[in-house]
Amino acid sequence: HWASILKTVMEDRHISLIEGAHLYAALFISTNDAAIGCFKAKYTYNLLRPVTYIQKYMNHPDWNPMIVTPPHPEYPAAHAAVSMAAAAALTSILGDKVSFTDNTYYYRGYKSHHFNNFVEAAREAGISRLYGGIHYKPSIEAGYSLGKKIAENVTNTLIFKN
């Protein structure tokens with residue numbers, strides 16, 4: 001999804017091939033490192049998903065979330081971590097005033113969605129998992145923090161030569 005967003009921004013801004021390569025490298029290194037860090041934490045902390053907690057401990061065996069619950073531990077939220085890593089990496093290079101319209105799933109009948117910046121899109125991706133019933137708010141916040149820190153480490157370490 002973030003590759004599609006980046007492609008849209010690159011086309012809108014007429015970004016050069018070499019700058020595009022830098023952007024894709026920062027995006028994919030950051031998001032992959034965020035996924036690795038996130039899943040290491042998930043299996044370190046091993047927190048129950050809301051569905052398990054609500055059904056078992058709140059005695060609501062018929063309750064189910066609005067979206068399918070992934071088969072791995074809850075904390076931290078992966079969509080929040082990966083999306084914030086993407087947003088932080090792209091913001092680091094392009095700045096925080098890059099607005100765009102996300103048309104990634106237009107072909108599936110989904111409406112286009114406008115964002116004022118990358119962080120706004122990342123925050124929406126993260127919080128959607130709370131609304132869907134598969135994450136707790138602290139896990140989403142932890143995911144945002146994890147993704148941002150990983151992207152900062154990546155973009156502060158990468159050195160590109162033209």
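May I ask you to derive the relative contact order of segment 95-140, considering only C-alpha pairs under 8 Å and at least 6 residues apart, and to give it as an integer percent?
28
Determine the per residue accessible area of segment 53-162 with all protein chains present and a 1.4 angstrom probe, expressed in square angstrom.
Dividing the accessible area of segment 53-162 by its residue count gives 60 Å².
From Cα pairs below 8 angstrom and at least 6 apart in sequence, can you work out the relative contact order of the chain, rounded to a whole percent? Let's see the in-between values first.
Details: 246 pairs, mean separation 52.0, N = 162.
After rounding, I find 32 percent.
As I understand it, the dipole of the chain uses +1 on the Cβ of Lys and Arg and -1 on the Cβ of Asp and Glu, about the Cα centre. Which of A151, N64, M84 lies farthest toward its positive end?
N64
What is the percent carbon and sulfur in the accessible area of the chain, measuring with a 1.4 Å probe over the protein chains and ignoring ligands?
It is 57 percent, rounded to a whole number.
List every DSSP H helix in the chain whose Cα atoms extend 27 Å or more along the helix's own long axis and whose mean Kyte-Doolittle hydropathy is at least 0.0.
Membrane-span-like by this criterion, though nothing is claimed about a membrane: 17-45.
Using a 1.4 Å probe, how large is the accessible area of V68, given in Å² and rounded to the nearest 10?
130
The values are calculated or read from the model by the stated rules, or taken from the named source; none is laboratory data. Here the structure is a predicted model, which is why all the values come from computation and not from measurement. Here the Cβ is made from the backbone with ideal geometry for all residues, glycine too, and neighbour counts use every protein chain on show. With ligands, DNA and RNA removed, areas are computed over all heavy atoms of the protein, side chains included. Shrake-Rupley method; radii C 1.70, N 1.55, O 1.52, S 1.80 Å.
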